[in-house]
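Engineer: This structure is in structure tokens; I'll ask about it shortly.
Every read-out reported here was derived from the displayed coordinates using simple, explicitly stated rules and does not represent laboratory data. The structure presented is a predicted model; accordingly, all values stated were derived computationally and were not measured. Methodologically, a virtual Cβ is constructed for each residue, glycine included, from the backbone with ideal geometry; neighbour enumeration extends over all protein chains shown.
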Amino acid sequence: MPRNIVTGIDIGTHRVKVVIAERSLEKNRGIPHIIGRGLAETKGLRHGYITNTHEAVRSIRAAISAAERKAEVQVKRAYISIGGISLESAIATGSTIISRGDSEITEADAEQAIQNCEQAIPQHTSINRKVIHAIPLQYKIDGKTVFGRPVGMKGVRLEARTLFITALEQHVNDMIQAIEEAGVEVLDVMAAPIAASLVTLLQPQKIAGVVLANIGAETVSIVIFENNIPVSLQVFPFGSTDITNDIALGFKISLADAETLKTGTGPAQNARKHFEEIVAARVSDILELIEAHLKKIGKNGLLPAGIVFTGGGSSLPLIEDRAKTTLKLPVRTAIPSLAQNNDGDFSDIIWPVAYGLCLFGFSTNDEQSMGIRIAKQTKNKILEYLKKFLP
């Protein structure tokens, strides 16, 4: 009897994470159970893009093999994440005239409006870039705002306002090529911050308004949700490795010792103040970038569910206290609900992206939808639908 298994591969600058999950075929319900996981040091990547394909493929194979041994299955297909500094978002508006003679709006009309939105993205921001997600933010029929799906309603002109999440096409293609050279077919591609949100955020938070900040080794990515859909995404070229470097310089120690100092209990009491000053300076830089972006999109201090930190750097000392002061928002560190649903004890904070990819893989066959349309990278199709436009 075939098994209902999905694999997610998260290729970070520091580590490759692979999660294999299974869900019972009966009624196609329940939380997917993690049956295998693999972790390997990433080589051949910088700021989320591949610099050495051979080394990257070896890292991917090592992580996949570790997951396969634990799950006792062979990985043939997987969903992968795209992260790094090439991720960007842009909002565009487009419209179309309703095609049917009885003025009823069809899915083809809605898709045409979204495609016209894509055509409206300024060329200087779209050149060499590939659309990863197209997320409808708002529809209007004959100038009047529509709440929910427009399909089935009547009108003359349909207008859409859409958020596009894009990445450099070369980086996306290089990542897919590396996965396929490792012997795995890429089923689909998802922006890493969106994948993490499937595990770390609750629906009430997404509806009220929340920002998820993923602190990685070399980048910090944020995604802002309102009304249960992403409304903005941004990546900053700073990460926890920069703090390690600062500690190494500040204390004149090796990078390995600096990393231990950062992730451990910190230095002795007589050096504690100097340590906190070093960490606080870089944390403040990161928080100021987040604050500037929130101001830019008019959400500064206006997200009731606050900011949620995840990723390997989310346990940095001082970050919660500093974030409360700088951003004037409720602050918490994400605690993904994986503890009762895994193949053994492991640190939850590094796995949300890979597990989120598994959840997405299962959701493509479900009745529910995340309100996100995915571009099928391996098929070169444009902006394929899930099943609904808006939650």
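Engineer: Do the sum for the chain: with -39,500 (n - 2.57) for every DSSP H run of n ≥ 4, divided by all residues, what is the mean residue ellipticity at 222 nm, to the nearest 500 deg cm²/dmol? Could the numbers behind the result be given before it?
Structural biologist: Values: 11 runs with 131 residues, N = 391.
-10500 deg cm²/dmol, from helical runs alone.
Engineer: Output the pairs from 43/76; 76/130; 262/324; 17/296; 273/295; 144/299 with a Cα-Cα distance over 30 Å in this structure; if there are none, say none. Before the final figure, lay out each step's value.
Structural biologist: On the way: 43/76 22 Å; 76/130 25 Å; 262/324 21 Å; 17/296 33 Å; 273/295 32 Å; 144/299 24 Å.
The pairs that break the limit, which is 30 Å between Cα atoms, are 17/296; 273/295.
Engineer: State, to one decimal in nm, how far the label point of residue 245 lies from the label point of residue 108, with both points 7 Å from Cα in the Cβ direction.
Structural biologist: Calculated label separation equals 5.4 nm.
Engineer: Mind checking the full-extension length gain between residue 274 and residue 31? Use 0.36 nm per residue of separation minus the Cα-Cα distance, one decimal, nm. Spell out each step's value before the answer.
Structural biologist: Numbers: separation 243, 0.36 × 243 = 87.48 nm, distance 4.54 nm.
Value of the extension gain: 82.9 nm.
Engineer: Still on this model: Please arrange 273, 130 by counting, for each residue, the other beta carbons lying within 10 Å of its beta carbon, fewest first.
Structural biologist: Working: 273 10, 130 20.
Least crowded to most crowded, the residues run 273, 130.
Engineer: So how tilted is helix 169-181 from the main axis of the chain? Cα-based, degrees 0 to 90, rounded to 10.
Structural biologist: The angle comes out at about 70 degrees.
Engineer: Normalising by the residue count of the chain, find the relative contact order in percent from Cα pairs under 8 Å and 6+ residues apart.
Structural biologist: 19 percent
Engineer: Residue 65 to residue 41: FRET efficiency via 1/(1 + (r/R0)^6), r the Cβ-Cβ distance, R0 22 Å, to the nearest 0.05? Don't skip to the end; give the middle numbers.
Structural biologist: Numbers: r = 14 Å, r/R0 = 0.62.
With a Förster radius of 22 Å, E is 0.95.
Engineer: What is the extension gain from residue 147 to residue 119, computed as 0.36 nm multiplied by their sequence separation minus the C-alpha to C-alpha distance, in nm to one decimal? Present the calculation step by step, with values, prior to reporting the outcome.
Structural biologist: Numbers: separation 28, 0.36 × 28 = 10.08 nm, distance 2.40 nm.
Additional length available on full extension: 7.7 nm.
Engineer: I need to check one value: relative contact order of the stretch 203-333, counting alpha carbon pairs closer than 8 Å and at least 6 residues apart, in percent.
Structural biologist: On the way: 217 pairs, mean separation 37.5, N = 131.
Averaging sequence separation for qualifying contacts and normalising by length gives 29 percent for the stretch 203-333.
Engineer: Between residue 203 and residue 324, what FRET efficiency follows from the Cβ-Cβ distance if R0 is 22 Å, with the result rounded to 0.05?
Structural biologist: Values: r = 24 Å, r/R0 = 1.09.
Efficiency for this residue pair is about 0.35.
Engineer: Moving on. May I ask you to compute the full-extension gain from residue 263 to residue 128, defined as 0.36 nm times their residue separation minus their alpha-carbon distance, rounded to one decimal in nm?
Structural biologist: Working: separation 135, 0.36 × 135 = 48.60 nm, distance 3.83 nm.
That pair, residue 263 and residue 128, stretches by 44.8 nm at full extension.
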